[in-house]
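Below is one structure; the comments refer to it alone.
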Amino acid sequence: MADLNDPVRLAELRGAVLRADADAILDACVVRAAKLARSPIAVVSLLVRHVQLLRAQHGLPLELAVSCATSRSNSFCQLVVLDEVPLIVDDALRDERVPKELVESYGIRAYAGVPVRAHGHVLGALCVLDVVPRRFDQRIVGALEQLAIDVSGRLSALTLSDAPLASADVQERLVRVEQATRALERALLALSPVIAAAQAATAGPRVDASHASHAPRATHVTPASLRAAVSCWRDMGPVAEELCEEAAAIASASPCEAASGLATDARALARNLAEIGPLVRLAEGVLDGTLGEAAAAKGRALVLRGALDAHEAASAAVQRLRAGALRARAATAGPGSGGAARPPEAR
(Lines give C-alpha, C1' and ligand atoms only; values in the text may rest on other atoms or scores of the structure.)
Protein backbone atom coordinates (compact mmCIF):
# COMPACT_ATOMS: atom_id res chain seq x y z
CA MET A 1 0.00 0.00 0.00
CA ALA A 2 1.34 3.42 -0.98
CA ASP A 3 1.78 6.41 1.33
CA LEU A 4 -0.36 9.39 0.28
CA ASN A 5 2.13 11.73 1.98
CA ASP A 6 5.23 10.13 0.47
CA PRO A 7 7.51 13.14 -0.14
CA VAL A 8 8.79 11.62 -3.39
CA ARG A 9 5.24 11.35 -4.73
CA LEU A 10 4.32 14.83 -3.54
CA ALA A 11 7.46 16.24 -5.17
CA GLU A 12 5.98 15.36 -8.57
CA LEU A 13 3.01 17.64 -7.84
CA ARG A 14 4.65 20.82 -9.02
CA GLY A 15 4.69 23.51 -11.66
CA ALA A 16 1.90 23.55 -14.22
CA VAL A 17 0.51 20.27 -12.85
CA LEU A 18 -1.08 22.25 -10.00
CA ARG A 19 -2.52 25.10 -12.03
CA ALA A 20 -6.27 25.55 -12.09
CA ASP A 21 -6.41 26.80 -15.68
CA ALA A 22 -7.83 24.55 -18.39
CA ASP A 23 -5.55 22.14 -20.21
CA ALA A 24 -6.78 21.15 -23.67
CA ILE A 25 -5.25 17.66 -23.59
CA LEU A 26 -6.57 16.75 -20.14
CA ASP A 27 -9.97 18.27 -20.91
CA ALA A 28 -10.22 16.15 -24.07
CA CYS A 29 -9.32 13.05 -22.06
CA VAL A 30 -12.14 13.51 -19.54
CA VAL A 31 -14.69 14.18 -22.28
CA ARG A 32 -13.56 11.00 -24.02
CA ALA A 33 -13.67 9.03 -20.75
CA ALA A 34 -17.25 10.13 -20.06
CA LYS A 35 -18.28 9.21 -23.59
CA LEU A 36 -16.70 5.75 -23.63
CA ALA A 37 -18.17 4.88 -20.21
CA ARG A 38 -21.53 6.55 -20.97
CA SER A 39 -21.12 8.34 -17.67
CA PRO A 40 -22.28 11.88 -16.79
CA ILE A 41 -19.10 12.76 -14.87
CA ALA A 42 -15.39 12.25 -15.56
CA VAL A 43 -12.42 13.69 -13.68
CA VAL A 44 -8.64 13.75 -13.58
CA SER A 45 -7.87 14.03 -9.87
CA LEU A 46 -4.60 14.82 -8.11
CA LEU A 47 -4.17 13.82 -4.47
CA VAL A 48 -2.20 16.51 -2.64
CA ARG A 49 -1.61 16.66 1.13
CA HIS A 50 -4.92 18.17 2.26
CA VAL A 51 -7.27 18.13 -0.73
CA GLN A 52 -8.08 16.34 -3.95
CA LEU A 53 -7.52 18.78 -6.80
CA LEU A 54 -9.66 18.20 -9.89
CA ARG A 55 -7.20 19.05 -12.67
CA ALA A 56 -9.73 18.37 -15.42
CA GLN A 57 -13.44 17.64 -15.17
CA HIS A 58 -16.57 17.01 -17.20
CA GLY A 59 -20.11 17.16 -15.84
CA LEU A 60 -19.45 18.16 -12.22
CA PRO A 61 -21.98 20.18 -10.17
CA LEU A 62 -21.30 23.89 -10.51
CA GLU A 63 -19.72 24.47 -7.09
CA LEU A 64 -17.28 21.58 -7.59
CA ALA A 65 -16.46 22.84 -11.07
CA VAL A 66 -15.70 26.27 -9.54
CA SER A 67 -13.61 25.03 -6.60
CA CYS A 68 -11.94 22.25 -8.64
CA ALA A 69 -11.43 20.30 -5.42
CA THR A 70 -12.85 18.16 -2.65
CA SER A 71 -11.41 17.04 0.66
CA ARG A 72 -8.82 14.31 0.13
CA SER A 73 -10.26 12.26 2.98
CA ASN A 74 -13.70 12.19 1.31
CA SER A 75 -12.43 11.18 -2.12
CA PHE A 76 -12.83 7.82 -3.81
CA CYS A 77 -9.60 8.42 -5.74
CA GLN A 78 -7.50 8.18 -2.58
CA LEU A 79 -8.08 4.42 -2.71
CA VAL A 80 -6.71 4.28 -6.27
CA VAL A 81 -3.55 6.08 -5.15
CA LEU A 82 -3.19 3.99 -1.99
CA ASP A 83 -3.46 0.65 -3.82
CA GLU A 84 -2.02 1.84 -7.17
CA VAL A 85 -4.62 -0.26 -9.03
CA PRO A 86 -8.05 0.43 -10.54
CA LEU A 87 -11.03 0.81 -8.20
CA ILE A 88 -14.52 -0.22 -9.28
CA VAL A 89 -17.58 0.67 -7.17
CA ASP A 90 -20.93 -0.64 -8.37
CA ASP A 91 -22.99 0.95 -5.58
CA ALA A 92 -21.25 3.46 -3.32
CA LEU A 93 -24.18 3.47 -0.90
CA ARG A 94 -23.47 -0.16 -0.02
CA ASP A 95 -19.70 -0.28 -0.55
CA GLU A 96 -17.94 -0.04 2.82
CA ARG A 97 -14.60 0.89 1.23
CA VAL A 98 -15.58 4.37 0.11
CA PRO A 99 -16.35 7.56 2.10
CA LYS A 100 -20.00 8.56 2.06
CA GLU A 101 -19.95 12.38 1.95
CA LEU A 102 -20.01 12.61 -1.86
CA VAL A 103 -22.75 9.97 -1.87
CA GLU A 104 -24.85 11.99 0.55
CA SER A 105 -24.14 15.45 -0.90
CA TYR A 106 -24.13 14.70 -4.64
CA GLY A 107 -25.74 11.29 -5.04
CA ILE A 108 -22.62 9.60 -6.43
CA ARG A 109 -23.44 5.89 -6.64
CA ALA A 110 -21.01 4.29 -9.11
CA TYR A 111 -17.30 4.88 -9.75
CA ALA A 112 -14.49 3.52 -11.89
CA GLY A 113 -10.99 4.98 -11.47
CA VAL A 114 -7.55 4.04 -12.76
CA PRO A 115 -4.14 5.38 -11.67
CA VAL A 116 -2.42 8.27 -13.45
CA ARG A 117 1.31 8.73 -13.01
CA ALA A 118 4.20 11.10 -13.54
CA HIS A 119 7.67 9.59 -13.75
CA GLY A 120 6.43 6.35 -12.21
CA HIS A 121 4.62 7.85 -9.21
CA VAL A 122 0.82 7.66 -8.87
CA LEU A 123 -0.43 11.24 -8.56
CA GLY A 124 -4.14 10.61 -8.77
CA ALA A 125 -6.76 8.98 -10.95
CA LEU A 126 -8.70 9.20 -14.17
CA CYS A 127 -12.22 8.31 -13.11
CA VAL A 128 -15.82 8.22 -14.26
CA LEU A 129 -18.78 8.57 -11.91
CA ASP A 130 -22.51 7.98 -12.16
CA VAL A 131 -25.50 8.91 -10.04
CA VAL A 132 -27.12 5.50 -10.37
CA PRO A 133 -25.76 2.10 -9.33
CA ARG A 134 -24.17 0.31 -12.30
CA ARG A 135 -21.44 -2.06 -13.36
CA PHE A 136 -18.36 -0.88 -15.24
CA ASP A 137 -17.25 -3.91 -17.22
CA GLN A 138 -13.65 -4.82 -18.00
CA ARG A 139 -13.92 -3.30 -21.47
CA ILE A 140 -14.57 0.13 -19.95
CA VAL A 141 -11.82 -0.29 -17.35
CA GLY A 142 -9.36 -1.32 -20.06
CA ALA A 143 -10.30 1.70 -22.16
CA LEU A 144 -9.80 3.98 -19.14
CA GLU A 145 -6.35 2.45 -18.54
CA GLN A 146 -5.38 3.17 -22.14
CA LEU A 147 -6.65 6.73 -21.84
CA ALA A 148 -4.74 7.10 -18.54
CA ILE A 149 -1.52 6.61 -20.53
CA ASP A 150 -2.27 9.87 -22.36
CA VAL A 151 -3.16 11.61 -19.08
CA SER A 152 0.05 10.38 -17.45
CA GLY A 153 2.11 11.56 -20.40
CA ARG A 154 0.58 15.01 -20.17
CA LEU A 155 1.13 15.23 -16.40
CA SER A 156 4.77 14.17 -16.83
CA ALA A 157 5.22 16.89 -19.46
CA LEU A 158 3.63 19.52 -17.21
CA THR A 159 6.09 18.76 -14.40
CA LEU A 160 8.92 19.86 -16.68
CA SER A 161 7.72 23.46 -16.37
CA ASP A 162 9.46 23.41 -12.98
CA ALA A 163 12.89 22.85 -14.54
CA PRO A 164 15.72 25.10 -13.23
CA LEU A 165 16.34 28.40 -14.96
CA ALA A 166 19.53 29.13 -16.84
CA SER A 167 22.63 29.86 -14.79
CA ALA A 168 22.84 33.12 -12.88
CA ASP A 169 24.57 34.46 -9.80
CA VAL A 170 23.49 32.41 -6.75
CA GLN A 171 23.56 35.43 -4.46
CA GLU A 172 21.24 37.34 -6.80
CA ARG A 173 18.85 34.43 -6.86
CA LEU A 174 18.87 34.20 -3.07
CA VAL A 175 17.99 37.89 -2.85
CA ARG A 176 15.03 37.27 -5.15
CA VAL A 177 13.93 34.32 -3.01
CA GLU A 178 13.93 36.54 0.08
CA GLN A 179 11.96 39.23 -1.72
CA ALA A 180 9.42 36.68 -2.94
CA THR A 181 8.91 35.28 0.56
CA ARG A 182 8.15 38.75 1.91
CA ALA A 183 5.58 39.34 -0.83
CA LEU A 184 3.99 35.94 -0.25
CA GLU A 185 3.84 36.46 3.51
CA ARG A 186 1.87 39.67 3.00
CA ALA A 187 -0.38 37.91 0.49
CA LEU A 188 -1.12 35.08 2.91
CA LEU A 189 -2.18 37.63 5.51
CA ALA A 190 -4.47 39.21 2.94
CA LEU A 191 -6.21 35.87 2.43
CA SER A 192 -7.54 35.95 6.00
CA PRO A 193 -10.85 37.59 4.98
CA VAL A 194 -11.64 34.72 2.61
CA ILE A 195 -11.01 32.15 5.34
CA ALA A 196 -12.88 34.19 7.92
CA ALA A 197 -15.91 34.53 5.64
CA ALA A 198 -15.86 30.80 4.88
CA GLN A 199 -15.75 29.92 8.56
CA ALA A 200 -18.57 32.31 9.36
CA ALA A 201 -20.75 30.90 6.57
CA THR A 202 -20.06 27.20 7.18
CA ALA A 203 -21.73 25.20 9.94
CA GLY A 204 -19.55 25.12 13.05
CA PRO A 205 -19.39 21.33 13.53
CA ARG A 206 -17.69 20.94 10.15
CA VAL A 207 -14.65 22.94 11.31
CA ASP A 208 -12.26 21.17 13.67
CA ALA A 209 -11.87 23.06 16.93
CA SER A 210 -8.10 22.48 16.79
CA HIS A 211 -7.92 25.24 14.17
CA ALA A 212 -9.42 27.89 16.41
CA SER A 213 -6.02 29.20 17.51
CA HIS A 214 -4.83 30.16 14.03
CA ALA A 215 -8.17 30.93 12.37
CA PRO A 216 -8.81 34.59 11.47
CA ARG A 217 -11.72 36.35 13.15
CA ALA A 218 -14.84 36.61 11.02
CA THR A 219 -15.52 40.29 11.76
CA HIS A 220 -15.81 43.23 9.33
CA VAL A 221 -15.51 41.06 6.21
CA THR A 222 -16.72 43.15 3.29
CA PRO A 223 -17.11 42.28 -0.41
CA ALA A 224 -14.30 44.72 -1.15
CA SER A 225 -11.90 42.94 1.19
CA LEU A 226 -12.89 39.58 -0.30
CA ARG A 227 -12.26 40.85 -3.82
CA ALA A 228 -8.87 42.19 -2.75
CA ALA A 229 -7.98 38.82 -1.22
CA VAL A 230 -9.07 36.93 -4.34
CA SER A 231 -6.96 39.23 -6.51
CA CYS A 232 -4.05 38.79 -4.13
CA TRP A 233 -4.29 35.00 -4.33
CA ARG A 234 -4.26 35.09 -8.12
CA ASP A 235 -1.09 37.17 -8.00
CA MET A 236 0.56 34.63 -5.71
CA GLY A 237 0.64 31.86 -8.31
CA PRO A 238 3.25 33.38 -10.64
CA VAL A 239 5.36 34.48 -7.66
CA ALA A 240 5.34 30.95 -6.25
CA GLU A 241 6.23 29.43 -9.64
CA GLU A 242 9.16 31.81 -10.05
CA LEU A 243 10.28 31.04 -6.51
CA CYS A 244 10.28 27.31 -7.34
CA GLU A 245 12.42 27.94 -10.41
CA GLU A 246 14.87 30.11 -8.50
CA ALA A 247 15.14 27.61 -5.63
CA ALA A 248 15.72 24.70 -8.04
CA ALA A 249 18.48 26.64 -9.80
CA ILE A 250 20.13 27.56 -6.49
CA ALA A 251 20.03 23.96 -5.29
CA SER A 252 21.66 22.72 -8.51
CA ALA A 253 24.37 25.38 -8.41
CA SER A 254 25.30 25.34 -4.73
CA PRO A 255 26.39 22.29 -2.68
CA CYS A 256 25.53 23.79 0.72
CA GLU A 257 22.85 22.12 2.82
CA ALA A 258 20.81 25.29 3.22
CA ALA A 259 20.56 25.71 -0.56
CA SER A 260 19.51 22.10 -1.13
CA GLY A 261 16.51 22.51 1.18
CA LEU A 262 15.16 25.55 -0.66
CA ALA A 263 13.75 23.60 -3.61
CA THR A 264 11.90 21.19 -1.32
CA ASP A 265 10.39 24.02 0.74
CA ALA A 266 9.46 26.01 -2.38
CA ARG A 267 7.60 23.08 -3.88
CA ALA A 268 5.80 22.45 -0.60
CA LEU A 269 4.75 26.10 -0.55
CA ALA A 270 3.42 25.90 -4.11
CA ARG A 271 1.36 22.81 -3.22
CA ASN A 272 -0.07 24.56 -0.17
CA LEU A 273 -1.08 27.59 -2.24
CA ALA A 274 -2.79 25.30 -4.74
CA GLU A 275 -4.76 23.73 -1.88
CA ILE A 276 -5.94 27.13 -0.65
CA GLY A 277 -7.16 27.90 -4.16
CA PRO A 278 -10.47 25.97 -4.04
CA LEU A 279 -11.73 28.07 -1.12
CA VAL A 280 -10.73 31.30 -2.85
CA ARG A 281 -12.45 30.26 -6.08
CA LEU A 282 -15.66 29.57 -4.17
CA ALA A 283 -15.50 33.06 -2.63
CA GLU A 284 -14.95 34.51 -6.08
CA GLY A 285 -17.95 32.57 -7.40
CA VAL A 286 -20.19 34.13 -4.75
CA LEU A 287 -18.83 37.60 -5.42
CA ASP A 288 -19.34 37.47 -9.19
CA GLY A 289 -22.72 35.75 -8.97
CA THR A 290 -21.61 32.42 -10.47
CA LEU A 291 -22.58 30.59 -7.28
CA GLY A 292 -25.49 30.99 -4.92
CA GLU A 293 -24.82 30.81 -1.21
CA ALA A 294 -26.34 27.32 -0.85
CA ALA A 295 -24.13 25.86 -3.57
CA ALA A 296 -21.05 27.64 -2.20
CA ALA A 297 -21.76 26.27 1.27
CA LYS A 298 -21.75 22.71 -0.08
CA GLY A 299 -18.39 23.36 -1.71
CA ARG A 300 -16.94 25.01 1.38
CA ALA A 301 -17.87 22.05 3.54
CA LEU A 302 -15.61 19.86 1.38
CA VAL A 303 -12.51 22.08 1.30
CA LEU A 304 -12.54 24.40 4.34
CA ARG A 305 -10.46 22.29 6.71
CA GLY A 306 -7.95 21.53 3.96
CA ALA A 307 -7.62 25.24 3.21
CA LEU A 308 -7.08 26.03 6.90
CA ASP A 309 -4.34 23.40 7.13
CA ALA A 310 -2.77 24.55 3.88
CA HIS A 311 -2.82 28.21 4.91
CA GLU A 312 -1.01 27.39 8.13
CA ALA A 313 1.49 25.14 6.31
CA ALA A 314 2.12 27.79 3.63
CA SER A 315 2.88 30.42 6.26
CA ALA A 316 5.37 28.06 7.90
CA ALA A 317 6.94 27.22 4.53
CA VAL A 318 7.46 30.92 3.76
CA GLN A 319 9.30 31.36 7.06
CA ARG A 320 11.47 28.30 6.37
CA LEU A 321 12.31 29.58 2.91
CA ARG A 322 13.37 32.98 4.16
CA ALA A 323 15.51 31.47 6.94
CA GLY A 324 17.03 29.01 4.45
CA ALA A 325 17.81 31.78 1.99
CA LEU A 326 19.58 33.78 4.71
CA ARG A 327 21.65 30.73 5.72
CA ALA A 328 22.49 29.99 2.11
CA ARG A 329 23.56 33.57 1.48
CA ALA A 330 25.91 33.38 4.43
CA ALA A 331 27.26 29.99 3.29
CA THR A 332 27.79 31.02 -0.34
CA ALA A 333 29.11 34.54 0.23
CA GLY A 334 32.52 34.86 -1.41
CA PRO A 335 35.75 35.70 0.44
CA GLY A 336 36.08 39.35 1.24
CA SER A 337 32.36 39.85 1.27
CA GLY A 338 32.33 40.23 5.03
CA GLY A 339 29.82 37.41 5.50
CA ALA A 340 26.21 37.47 4.42
CA ALA A 341 25.14 40.08 1.93
CA ARG A 342 23.00 42.95 3.10
CA PRO A 343 19.35 41.89 3.30
CA PRO A 344 17.12 43.32 0.55
CA GLU A 345 14.72 46.08 1.42
CA ALA A 346 11.13 44.97 1.79
CA ARG A 347 9.23 45.69 -1.35
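Structural remarks
- Computed FRET value (nearest 0.05) for Val31 with Asp3, which takes r as the C-beta separation and R₀ as 30 Å: 0.40
- Rounded to 10°, Cα long-axis angle of helix 293-332 versus longest principal axis of the chain: 30
- Amide H within-cut-off set for Val116, under 5 Å, with H built and near neighbours excluded: Leu123, Gly124, Ala125, Leu126
- Loop-resident trypsin sites (Lys or Arg not before Pro) (DSSP state other than H, G, I, E or B) in the range 237-327 with no more than 15 further Cβ atoms inside 10 Å of their Cβ are absent.
- Apolar share of the accessible surface for the range 7-124: 53 percent from carbon plus sulfur atoms, 1.4 Å probe.
- For peptides 224-233, 34-43, 52-61, sequence by mean Cβ density within 10 Å, most packed first: 52-61, 34-43, 224-233
- Net charge of the neighbourhood of Gly277, taken over other residues with C-beta under 13 Å away and scored Lys/Arg +1, Asp/Glu -1, is +1.
- Accessible area of the range 38-196 divided out per residue, in Å², using a probe of 1.4 angstrom: 39
- The distance separating the Cα centre of the range 1-79 from that of the range 263-322 comes to 16 Å.
The values are calculated or read from the model by the stated rules, or taken from the named source; none is laboratory data. From a predicted model like this one, the values you see are computed outputs, not experimental measurements. Positions of Cβ are backbone-derived with ideal geometry, glycine not excepted, and every protein chain shown enters the neighbour counts. All accessible areas refer to the heavy atoms of the entire protein, side chains included, with ligands and DNA or RNA removed. Shrake-Rupley method; radii C 1.70, N 1.55, O 1.52, S 1.80 Å.
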